[in-house]
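In what follows, a single structure is set out as structure tokens and then discussed.
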Amino acid sequence: MFGPGFFHRTGDSPAPRPSLRRLARHFGPFFRPYRGALAGGTLCVLIGLALGKMPPLITRFLVDRVLAPVAAAPWTEPLYRASLRRLGIAVAAMLGVSLLASWLMAVRTRVMRRAGAGLVLDIRLKVYAHLQKLSLRFYDARRTGDIMSRITGDVEAVERLFTGFGDRVLTDTLNLAVTAGILFAMNAKLALVALLPLPALIAAIRWFSRRARPLFRQVRDRMGGIHAKLQDNISGIRVIRAFNTEELESEQFARENREFYATQMKEADLSARAFPMIRFIEGLGAILVTAVGGWMLLRPDPEISLGDLFAFSAFVLQLYQPIGMLFHAYTHVLQAAAGGERIAEFLEEAPDIADRPGAIELPPARGEVVFEDVSFQYQDGIPVLDRVNLRARPGEIVALVGHSGAGKSTLINLIPRFYDPTAGRVLVDGHDVRDVRQDSLRRQIAIVLQDTFLFNGTVLENIRYGRRDATREEVAAAARAAFADEFIEQLPKGYDTEIGERGVKLSGGQKQRIAIARALLADRRILILDEATSMVDSRAETMIQQALAALMRGRTTFVIAHRLSTVRHADQILVIEGGRIVERGRHDELLARNGAYAAMCREQFRDTISA
Ligand SMILES: Nc1ncnc2c1ncn2[C@@H]1O[C@H](COP(=O)(O)OP(=O)(O)OP(=O)(O)O)[C@@H](O)[C@H]1O
Ligand SMILES: [Mg+2]
């Protein structure tokens, strides 16, 4: 029953657990501030409802007291005038009622729309704040586009609970009860006739909702799939161009869209069957009333008047109108529930890296970093770090070298607590990083990551990211130390040049230097450089090394570098292989040992010579 591509999506959307209680638990608190609006909107609808009962009653008065007597009696001038006046009053009353009802509708729409928009705002901010707390593990397992589609589209779906549902349920139910009451008061037998199709209607609605619910969820999931594909393609547009895979990608995008389309069509088919069926059953009530009412009227000594029948027919329509409305509202609820479930899945995601209750503020660090028997795995059963022990004394430079995939980046990711070790402890100044507040820990650490990320904004803003209160002079000094000032000053607007999406207007090496400047400006006790100079040329690298050498003084620095010339002067060099430290020592010690490090050095030396 699920189309292709449904199952591989499970990472993004675990099997929906339909539970209205679950939704109420998550979204109930959001509705609370809008109780006033909800009450106001409900009041408007209630008054509108009462007004809606007037026209049929006025019509009944008009037919029985004004029009019928005139039709029955011979025409006379005074009767004509009196009746005309009554007609005028009745019409004026109808007009007044209509106007008032319209005005109330305007008030209600305004109140409810504002509340709905406020609700969306609140939920979106809450979900965003929650996402900020979730660990990198969460992001590792999800597609960016799908996350975005939940924060944008699905949050709006929840709003339908408000605009499509909120004040309607109470009022429609009330309307139903009042109308049924009026009908029974007018004529119980005819009222029963009018209600005959009701069980069939309820059955039809249940039939619909059973089928609609999973479809609505699928529609939302597939929309997430489209977003994810799109996001992937836009980020990877250069690769697509380079490998001429436009057609392949278009096909895959088309497939996502066709799946979405197919689900929508299923939903449309279902609606196309359900809505007319429900409408027909509604109409049946009126037809039955006309038939039975007409027959009652034709019998000798009719128990109802002609006006009764008119009013009755109008009220029967009003009886089924709220039922139809409730049904629509219900559809909205189902759709909102589908979106709500997708958001609830996020909100239920507990931040696995959270401050422990009573976590302390890490005092300004001396910068000692210790790993005690640290093991780590991203996925169960695939160890990435295996009983790593290391001690970086304050102010030391620790170099991590090793082949690609050895676990170097993973190791340094544990220092700012991006992930928690599966076993063992990471200590900063003797504090287990899990015992201190994350913000106080991260305030002491500056990082230049392997894949440089710059935000949309100016060069200045990007460098200043690590210390928002830095002056222009301090920014320039940091840029100088990172050998970035030279090219920055050549940019059209210098430090005020906007760097576009992911800094596309800069070269890889230029971006790296900005990232280094950012880390330097942040001025933290612990500095982590993951391949920070991999993209700059050797000349710039030597210069950056010199500048860094000065800056590293008094800071504990972790350097990951493939180019071994850059790690020569480190206090300790740790050689990592398969998640283990296989060798450690200073450059000459390791060369003398003639082990893995020496082999790597020879390899690189050969490469440099042959290059
Ligand atoms: N977010 C992640 N989720 C799952 N596995 C990961 C993740 N990041 C890295 N890995 C895996 O962990 C292992 C170590 O990766 P890591 O990035 O630490 O290597 P590295 O030594 O930094 O390599 P390189 O020199 O290429 O940067 C690799 O096998 C990689 O596939
Ligand atoms: Mg790495």
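The values are calculated or read from the model by the stated rules, or taken from the named source; none is laboratory data. Quantities reported herein were computed from a predicted structural model and do not represent experimental measurements. Cβ atoms come from the backbone with ideal geometry, glycine included; neighbour counts cover every protein chain shown.
Which one is farthest from the chain's Cα centre (by Cα), of the residues in segment 349-378 that are touching a residue at least 12 places away in the same chain (Cβ under 8 Å) and under 18 Å from A129 (Cβ atoms)?
Only one residue tops the list, namely D355.
Pick from segment 377-400 the residues that are of a type outside the set (F, W, Y) and near ligand 1 (Cβ under 9 Å from one of its atoms): which of them is nearest to D571 (Cα to Cα)? Applying the filter and picking the extreme gives L400. Residues that are away from ligand 1 (no atom under 16 Å from the Cβ) and surrounded by fewer than 17 Cβ atoms within 10 Å (Cβ to Cβ) are absent from segment 331-339 altogether.
Scan segment 232-261 residue by residue and report those that are of a type in the set (G, A, S), farther than 30 Å from F216 by Cβ and surrounded by 11 or more Cβ atoms within 10 Å (Cβ to Cβ).
Once the filter is applied, which keeps residues that are of a type in the set (G, A, S), farther than 30 Å from F216 by Cβ and surrounded by 11 or more Cβ atoms within 10 Å (Cβ to Cβ), segment 232-261 yields only G236.
Considering A191, A204, A228, A185, the condition of being within 28 Å of F280 (Cα to Cα) and touching a residue at least 24 places away in the same chain (Cβ under 8 Å) is satisfied by A204 alone. Would you point out the residue of segment 158-216, among those that are of a type in the set (K, R) and buried (at least 20 other Cβ atoms within 10 Å of the Cβ), that is modelled with the highest pLDDT? It comes out as R160. Contact map, segment 234-255: first residue of a type in the set (F, W, Y), second residue in a helix (DSSP H, G or I), Cβ cut-off under 8 Å, separation 6 or more or different chains; pairs are F253/I226; F253/K229; F253/L230; F253/N233.
Filtering segment 461-481 to residues that are over 30 Å from the mean Cα position of the chain (by Cα) and surrounded by fewer than 19 Cβ atoms within 10 Å (Cβ to Cβ) leaves D469, T471, R472, E473, E474, A477, R480.
Return a yes/no flag: does segment 367-383 have any residue that is of a type outside the set (K, R) and either within 16 Å of ligand 2 (Cβ to nearest atom) or under 28 Å from R124 (Cα atoms) (or both). Yes, segment 367-383 contains a residue that is of a type outside the set (K, R) and either within 16 Å of ligand 2 (Cβ to nearest atom) or under 28 Å from R124 (Cα atoms) (or both). Please name all residue pairs, on different chains or six or more residues apart, with Cβ atoms under 6 Å, provided the first residue is in segment 555-581 and is in the same structural domain as V401 (by TED's automatic domain parsing) and over 20 Å from S538 (Cβ atoms) and the second residue is surrounded by 22 or more Cβ atoms within 10 Å (Cβ to Cβ) and charged (D, E, K, R). The qualifying pairs are I576/K408.
Give me the pairs, please: first residue somewhere in segment 79-104 and more than 14 Å from I58 (Cβ to Cβ), second residue anywhere and small (G, A, S), beta-carbon distance under 6 Å, and either six or more positions apart or on two chains. Pairs that qualify, where the first residue is more than 14 Å from I58 (Cβ to Cβ) and the partner is small (G, A, S), are L104/G48. Filtered by the rule that a residue be modelled with pLDDT under 90, under 24 Å from L520 (Cβ atoms), within 16 Å of ligand 1 (Cβ to nearest atom) and touching a Ser or Thr at 6+ places or on another chain (Cβ under 9 Å), segment 556-607 gives A561, H562, R563, T566. The number of residues in segment 545-575 that are more than 41 Å from the chain's Cα centre (by Cα), surrounded by 21 or more Cβ atoms within 10 Å (Cβ to Cβ) and hydroxyl-bearing (S, T, Y) comes to 1. Is there a residue in segment 413-422 that is away from ligand 1 (no atom under 16 Å from the Cβ) and surrounded by fewer than 19 Cβ atoms within 10 Å (Cβ to Cβ)? There is no residue in segment 413-422 that is away from ligand 1 (no atom under 16 Å from the Cβ) and surrounded by fewer than 19 Cβ atoms within 10 Å (Cβ to Cβ). Test R279 against the criterion of being basic (K, R) and either under 30 Å from R60 (Cα atoms) or not assigned by TED's automatic domain parsing to the domain that holds F312 (or both), and give yes or no. Against the criterion (basic (K, R) and either under 30 Å from R60 (Cα atoms) or not assigned by TED's automatic domain parsing to the domain that holds F312 (or both)), R279 qualifies. Contact annotation: residue pairs with Cβ atoms under 9 Å, 6 or more positions apart or on different chains, pairing a residue in segment 379-405 that is polar (S, T, N, Q) with a partner that is away from ligand 2 (no atom under 16 Å from the Cβ), are N389/V370; N389/F371; N389/E372; N389/D373; N389/V374; N389/G424. Look at (1) in contact with a Pro (Cβ under 7 Å, 6 or more places away or on another chain); (2) free of Cβ contacts under 8 Å to residues at least 24 places away in the same chain and you find that L125 fails only one, number (1).
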